[in-house]
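This report refers to the structure that appears directly beneath it.
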Amino acid sequence: MERKISIFAFIGFCLTATYTAIKVYLEALNIYTGIIFLASLFFLMLLLAQAAFSFFSTANEQRTNLRFSLVIFFILIFSLELFLRFSLRTHITYGEKNGGLNYVSVAKENLNSWFWVYSPFLTNKVEKHEFTTYRKTNFLGLAEGEIHQKAENEYRILAIGDSFTEGEGVSYDSTWVKKLEKDLKIEGKQVKTINAGIGGSDPVYAYKLLTDKLPELSIDLAILTLNTSDLMDVNNRGGFERFQADGTTKVVEPPKTEWIYGISYIFRHIYHDLLKFSTNRMQPLQENGYTEALAIIVETIDKFVSFAKQKNFSFLVVIHPIIYDFTAEGYVPFELENLKQILLEKRIPILDIKEYLNSKGYITKENAQPIYWPIDSHFNQKGYNLFLEAVVEKLSNDKNLIKQKNNS
C-alpha cells in the first residue's frame, strides 16, 4: 500500500509539474495553471512525507493521520486561492478584471522601438464586459484618421496622453478630443484635433512620440493629459533612460518569481500585504514614494514647454481624476497635488478636471461612480462629456492659449 501511494505521488508530481512548466513557458498564467501548480505542491509534499515515513519508520496509524492532515491542509489552500481570486479580488490586474484569462507579464512593456503606439493600418477591437469599441489606426500608429495637410483657416489641436485621451470606453467620434472640434469656437478658425492618446502610455513616451514622430504636424496647441496612473507608470518605468541606443525600449526586468505571482492570488497577497511590494509591480515600495516619478514628470513637462516654444505652439497640461481618486482612501499620491503646485509656480497653463467638477457641484466622493464604467473604470460617455466641458471652458476663458500662436 505504501509503495502504491509513493508511486501515485511521484506520477502525480511529474505530470502536474510538467504541465505547470509548459504553461509557464507558454505564458499561460491563469487559474488553471495555478490550480495544477498547487496540485504539484500537494504531490510533492506527499512524496516527501512518504520518504520521511520510511526513513523514520513511522507507525501506520500516524502515517494515515498525517496524510489526512496534508489533504485537509491543501483543501484549505485550494479554497483560499479560489476565495481570493473570485470573491476578494483585491490584487486583480486590469486585464483580468476586464475578462482576460491570462496574467500579462510586465516584460511585455519592453518594446522593439522607442514609440508606444499601435501597429499602423489596423482595426483594433476593444472588447470589455461593459462595452465594445473599434479603433482604426493610421500610418503613424495612432487611433486616429489620416492627417491631411493643414488648411489655411485651421486651428489644429494635438491631444496626447494615455487611454483617457484616446477615449477608451466610447466610440471614436464620441471621445472628448473629437467632440472638441465642434464645441470649441474660435473666431475665424475651424478647429481640428489629432488624437495621439495611446492606452498605457505615460508622459515620457508622449514626449518621445511628439518630438520624434509628430514634430511637423504644424499644431497650434498641444494638450497633455495626466492622471494618477502616470505617476505609477513612471515610477516603474523610469525616465528617458528607458530608450536604448539600439532603438528599443527597456522599462522593466521581470522578477524571477513573476510566474508564481501570475498564477496565484495567495502569492500576490504575500507580495503586497506581507512584503509590502508596490501595488502594480513586484518591486519594494520606495521610502520616498513617488517623489522620483514626480521629478521625472516635471522634467518631461519642462521639455514639452521648451519644444512648444521651439515649434511655436501653445501648451496645456490637464490633470484628471480616475475613479480611485474618489473611492480609495489614500490612493492618490500627494505628489499629484505637488505637481499641480509646481506647474502653477512655473506659470505653465494647467487645468485640474477634478477641481472643476467639484466647483460645479457635478461630482463628490459619494457620487463619482456614475461618470465611470463600474468594472473597466474608464470614463463613460457622461464622464468624457464633463471632461470636454472643462476643456472647452478653460480654452474659451484663457485666450492666451489660443492667441499665443496666432499673434506670432
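Among (1) in contact with a strand residue (DSSP E or B) (Cβ under 9 Å, 6 or more places away or on another chain); (2) exposed (fewer than 14 other Cβ atoms within 10 Å of the Cβ); (3) among the aliphatic types (A, V, I, L, M), where does Leu101 come up short?
Among (1) in contact with a strand residue (DSSP E or B) (Cβ under 9 Å, 6 or more places away or on another chain); (2) exposed (fewer than 14 other Cβ atoms within 10 Å of the Cβ); (3) among the aliphatic types (A, V, I, L, M), the lone unmet condition for Leu101 is (1).
Out of (1) in contact (Cβ under 8 Å) with a residue 40 or more places away in the chain; (2) within 29 Å of Ile296 (Cβ to Cβ), what's the single condition that is false for Glu345?
Unmet condition: (1).
So Val106 fits all but one of (1) modelled with pLDDT of 95 or more; (2) of a type in the set (Val, Ile, Thr); (3) farther than 30 Å from Glu2 by Cβ; what number is the exception?
It fails just one condition, (1).
I'd like the full set of residues that are touching a Ser or Thr at 6+ places or on another chain (Cβ under 7 Å), surrounded by fewer than 21 Cβ atoms within 10 Å (Cβ to Cβ) and farther than 16 Å from Ile157 by Cβ, limited to the range 369-404.
Gln381
Determine whether Phe139 is surrounded by fewer than 18 Cβ atoms within 10 Å (Cβ to Cβ), in a loop (DSSP other than H, G, I, E, B) and under 34 Å from the mean Cα position of the chain (by Cα).
It is true that Phe139 is surrounded by fewer than 18 Cβ atoms within 10 Å (Cβ to Cβ), in a loop (DSSP other than H, G, I, E, B) and under 34 Å from the mean Cα position of the chain (by Cα).
Could you please give the count of residues in the range 66-96 that are over 28 Å from Leu46 (Cβ atoms) and charged (D, E, K, R)?
Summing the residues that are over 28 Å from Leu46 (Cβ atoms) and charged (D, E, K, R) in the range 66-96 gives 2.
Return the residues of the range 354-372 that are aliphatic (A, V, I, L, M) and touching a Leu at 6+ places or on another chain (Cβ under 8 Å); say none if nothing qualifies.
Once the filter is applied, which keeps residues that are aliphatic (A, V, I, L, M) and touching a Leu at 6+ places or on another chain (Cβ under 8 Å), the range 354-372 yields Leu357, Ile363, Ile371.
Filter the range 126-136 down to the residues that are modelled with pLDDT of 95 or more and either basic (Lys, Arg) or not assigned by TED's automatic domain parsing to the domain that holds Ile186 (or both), then identify the one that is surrounded by the fewest Cβ atoms within 10 Å (Cβ to Cβ).
Lys136
Would you confirm, using the coordinates I've provided, whether Phe43 is in contact with a Gly (Cβ under 6 Å, 6 or more places away or on another chain) and either in a loop (DSSP other than H, G, I, E, B) or among the aromatic types (Phe, Trp, Tyr) (or both)?
Working: in contact with a Gly (Cβ under 6 Å, 6 or more places away or on another chain): yes; either in a loop (DSSP other than H, G, I, E, B) or among the aromatic types (Phe, Trp, Tyr) (or both): yes.
Criteria met by Phe43.
Check every one of the helices (runs of 4 or more DSSP H) wholly within the range 344-408 and list those with 2 or more residues that are within 23 Å of the chain's Cα centre (by Cα) and closer than 16 Å to Val177 by Cβ.
Numbers: elements: 353-359, 381-397, 399-406.
The helices (runs of 4 or more DSSP H) meeting that bar are 381-397.
The values are calculated or read from the model by the stated rules, or taken from the named source; none is laboratory data. Since the model is a prediction, treat every value here as computed from it, not as a measurement. For neighbour counting, all protein chains shown are included, and Cβ atoms are generated from backbone atoms with ideal geometry for every residue, glycine included.
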